[in-house]
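The values are calculated or read from the model by the stated rules, or taken from the named source; none is laboratory data. Since the model is a prediction, treat every value here as computed from it, not as a measurement. Note that each Cβ is placed from the backbone with ideal geometry, even for glycine, and that neighbours are counted across all protein chains shown. The protein model used for the area step is the full one, side chains on, heavy atoms only, and it has no ligands, DNA or RNA in it. Shrake-Rupley method; radii C 1.70, N 1.55, O 1.52, S 1.80 Å.
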Amino acid sequence: MLDTRHASVIQERIDNKTKPLGALGQLETTAHQLALLQSQGQKEAVSQISLTQPTMLLFAGDHGIAKEGVSIAPSEVTQQMVLNFLAGGAAINQFCRINNIDLKVIDCGILLPVETDHPDFIVQRLGAGTHNLAQKAAMSQQQVAEGLELGSAIAKQTIAAGCNLLMFGEMGIANTSSSSALLSALSTTDAAYCVGKGTGISDAQLGNKISLIRQGVARYNESGEPGPLRALAELGGFEIVQMVGAFLAASDQRVPVLVDGFIVSIAAYIATLLKPEARDVMIFAHRSEEQGHQKVLALLEAQPMLDLGLRLGEGTGAALAYPLLRASAEFYNNMASFADAGVTV
């Protein structure tokens, strides 16, 4: 659990800035969260919030359920988009570049491997895509355990290299199906309330997607004791399980994570089921157009910073929200207090 002994001092510092109480809204709660995290283990509350070497870890994996036509694109597009990320041509590349965010792409288990020596490409494959979750377990419990370790390791490695703000992105055709299945199973909510159109499938594809996810969730419900680790094995994705591990490592290190959209938020939710205090390091970037995202945000009691109608993934919402964290740090660090400015109210 976070040490909150400096919380009141941090709040007093925020309240004494030259503004009405609470006038900066969510920027104030964000500044408080960042300052509290950076005050852990310190004798006094920090007077300066630092945002050092912000890094986007983009986890890519493929899903066997894609064979059922639940997406507008085939699984081969995952590999093509990984190559696009490495070439600098995707939306996330542009948003990271303008905000000076480092970008690393991680092959967690895409169907078609990529052969490259690109310095920002990391290979930690759990397989060549998961099994079809509608028909059988997506992965083994051993793969879940390995995935958690790999995700944890890359997060710790990134932090050790000087990063004190993480962001996670994802790429994987049909990963909204896996995320919807996990949400349905772990929240005991019917799939119809968790499943959306993803990247833009038809009504007929949506009906098929709901039916297939119900099949997978029914198998999960009937085949053993419920729980997040078994849900990951039955219904998860290689990129999702590694993001869960990365969230848990960030929590251990008291490093904040700027949380992106639906798929990343599902990984965040599962991390909180495994370790409730992991919620303390999460800052939620945006509310996506995906139906299930509204549900998981409510479960996490999250108030996202942006609502731009996004439904792309890749970590784009987190990269776009990053300037708001910089603004939160800047007012906390440099805005005058009433006493400093000689303002009386």
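Remarks
- With every protein chain in place, the chain: carbon and sulfur % of accessible area (1.4 Å): 51
- Near GLY172, once Lys and Arg are set to +1 and Asp and Glu to -1 for all other residues with Cβ below 9 Å from its Cβ, the sum equals -3.
- Net charge of neighbours whose Cβ lies under 14 Å from the Cβ of GLY309, counting Lys and Arg as +1 and Asp and Glu as -1: 0
- Average Cα contact separation per residue, the stretch 121-228, under 8 Å, 6 or more apart, as relative contact order %: 28
- Farthest toward positive dipole pole in the chain [+1 Lys/Arg, -1 Asp/Glu at C-beta], among LEU183, ALA336, PHE262: ALA336
- Charge context of GLN26, other residues only, Cβ under 13 angstrom, K/R +1, D/E -1: -1
- Cα-Cα pairs of the stretch 76-182 separated by more than 22 Å (percent): 37
- SER211 accessible area, 1.4 Å probe, all protein chains in place, Å² to nearest 10: 60
- Relative contact order (percent, whole number), the chain, Cα cutoff 8 Å, 6+ residue spacing: 23
- Heavy-atom accessible surface of the chain, averaged per residue, reaches 40 Å², computed with a 1.4 Å probe.
- Normalised by 2.2 N^0.38 Å, with N the number of residues, the alpha-carbon radius of gyration of the chain equals 1.00.
- Tilt relative to the chain, helix 262-274 - C-alpha long axis, 0 to 90 degrees, to 10: 80
- Fully extended contour minus Cα-Cα distance, from GLU115 to LEU21, at 0.36 nm per residue: 28.4 nm
- Between the stretch 138-152 and the stretch 15-88, the alpha-carbon center distance in angstrom: 22
- Restricting the stretch 245-308 to GluC sites (Glu not before Pro) that sit in a DSSP loop and have at most 10 other Cβ atoms within 10 Å of their own Cβ leaves GLU301.
- The stretch 283-345, relative contact order [Cα under 8 Å, separation at least 6], %: 33
- Annotation for the stretch 133-216: trypsin sites (Lys or Arg not before Pro) lying in DSSP loop with at most 16 further Cβ atoms inside 10 Å of their Cβ are LYS136.
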